[in-house]
Each structure stands twice: as C-alpha cells, then as structure tokens.
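Peer 1: Quick one: the structure is below, questions incoming.
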Amino acid sequence: MKIHVVIPVAALPLRAVDGVRIFVMREPAMKAKAVESKDLSIEVLLVEDSPGDVRLMQEVFRVANSLVRLHVVNDGVEAMAFLRQWGEHANCPRPDLILLDLNLPKMGGLDVLAQIKEDAGLKTIPTVILTISDAEADIAKGYRLQANCYLRKPVQLEAFEMLVRSINDFWLTKAKLPPQAQAA
C-alpha cells in the first residue's frame, strides 16, 4: 500500500511504520495532509436516475470524504452490468457500498436489490436504499430482500446534504466494511 503524506518540514521524522515508507516533501507553509492513493480509495456505487441528486451527492462526498470514488449508473440494468462487470463495465471496481434508489428505469431498485442479495459474489456488499418513497410496503420489502438500511431522501437541500454526510460518517468511517477479497 502506498501512502503519500505532505507535512511541514520539521513536524515529523522520516521513518517506516509497519513496512510503509513515509516520504517528506518540503512544503513549509502547508499543514499535514494525506494525499489520496488508489489503494486507499472507497468505491461507492450510486444507482440514481435524478441528475440533481447525482450532482448533489458528488458535491457532498467531494467535500466530506476525498477518498470516495463515486461511480454513477442511471438505471437498474446498468447497475447489474456494473456489479457483474459486463460489457463496458468490465474493468469497473467492486464497490464497497451501494446507494440504491428504488424508482429506476429499466429495472426497479427492489429487483436490483433482489439480484444483488441472490448473487454470492455481491451479497456481502452493504446496500443502502436511498429513495423518496416512504411507502410501508417498500420499506418492508426492502428489508425482506436484505437491504442493510432504508433511508428516505429529504426534499430540502440542507437536509439532503446532512443525510449524505451521515451516510459517509457511518458507512464509510465508522462501519467495518467487508474486505474486497470476498468478491466471488
């Protein structure tokens, strides 16, 4: 694993910790900060057909967590192609987390969820339903299909931003996600 760290010149000595080399770059006016590396990225798949929600999600994650690599697909069929690495998605990474809308073109979110949880190579990926629906039938079916969480998208911009930040804080900071090695 490579970690690049930019630190003030006199802040820390140069050394290796657990086999990880730390390189000091002379940037005296800068505060210490980690520079993201591909090895440290968190792969998130957003299955969402609303361009406004996609843009807002991108902006909030960009500010909240620079390690998030947000991949976006706009319908259920494309979501399954991404997850199974079919066609143009052959080189796409396996996501660490899936954010799934229910009201999608081509294949609905609950059908996507059912396919994810029936697939041995995908079922361990935490899947969060993120939708406008508060229908009890959708909530019940989502949990029956083993959704890890069901969240209703708020209409107000500030509340939506707070919800995305809370997703980041819990799922990408506090929760221990399954290792990528569990991919089939």
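Peer 1: Within the range 83-98, which residues are in contact with a strand residue (DSSP E or B) (Cβ under 9 Å, 6 or more places away or on another chain) and either among the hydroxyl-bearing types (Ser, Thr, Tyr) or not in a helix (DSSP H, G or I) (or both)?
Peer 2: Cys92, Pro93, Arg94, Pro95, Asp96, Leu97, Ile98
Peer 1: From the residues in the range 99-116 that are assigned to a helix (DSSP H, G or I) and small (Gly, Ala, Ser), which one is surrounded by the most Cβ atoms within 10 Å (Cβ to Cβ)?
Peer 2: Ranking the qualifying residues of the range 99-116, first place goes to Gly109.
Peer 1: Do you know which of the residues in the range 33-65 that are among the hydroxyl-bearing types (Ser, Thr, Tyr) and surrounded by 14 or more Cβ atoms within 10 Å (Cβ to Cβ) is modelled with the highest pLDDT?
Peer 2: The qualifying residue modelled with the highest pLDDT is Ser50.
Peer 1: Spot the failing condition for Ala114; the list is (1) touching a strand residue (DSSP E or B) at 6+ places or on another chain (Cβ under 7 Å); (2) more than 18 Å from Glu43 (Cα to Cα); (3) of a type in the set (Gly, Ala, Ser), and only one is missed.
Peer 2: (1)
Peer 1: Quickly run through the range 125-158 and pick out the residues that are among the small types (Gly, Ala, Ser) and in contact with a strand residue (DSSP E or B) (Cβ under 8 Å, 6 or more places away or on another chain).
Peer 2: Ser133, Gly142, Ala147
Peer 1: With (1) hydrophobic (A, V, I, L, M, F, W, C); (2) without any contact (Cβ under 8 Å) to a residue 24 or more places away in the chain; (3) under 16 Å from Leu46 (Cβ atoms) as the list, and Ile129 as the residue in question, which single condition is left unmet?
Peer 2: The failed condition is (2).
Peer 1: May I pose another question? What do you reckon, is Gln146 surrounded by fewer than 17 Cβ atoms within 10 Å (Cβ to Cβ), outside any strand (DSSP E or B) and in contact (Cβ under 8 Å) with a residue 24 or more places away in the chain?
Peer 2: For Gln146, the condition - surrounded by fewer than 17 Cβ atoms within 10 Å (Cβ to Cβ), outside any strand (DSSP E or B) and in contact (Cβ under 8 Å) with a residue 24 or more places away in the chain - is met.
Peer 1: Sticking with this one: When the range 118-161 is examined, which residues are found to be among the basic types (Lys, Arg) and under 16 Å from the mean Cα position of the chain (by Cα)?
Peer 2: Passing the criteria: only Lys123.
Peer 1: Taking the range 94-108 only, how many residues are farther than 19 Å from Lys176 by Cβ and of a type outside the set (S, T, N, Q)?
Peer 2: 8
Peer 1: Right, another one. In the range 149-162, which residues are surrounded by 16 or more Cβ atoms within 10 Å (Cβ to Cβ) and either assigned to a loop (DSSP other than H, G, I, E, B) or touching a Lys or Arg at 6+ places or on another chain (Cβ under 9 Å) (or both)?
Peer 2: Lys153, Phe160
The values are calculated or read from the model by the stated rules, or taken from the named source; none is laboratory data. Given the structure is predicted, the values throughout are model-derived calculations rather than measurements. When we count neighbours, we look across all protein chains shown, and the Cβ atoms used for this are built from the backbone with ideal geometry, even at glycine.
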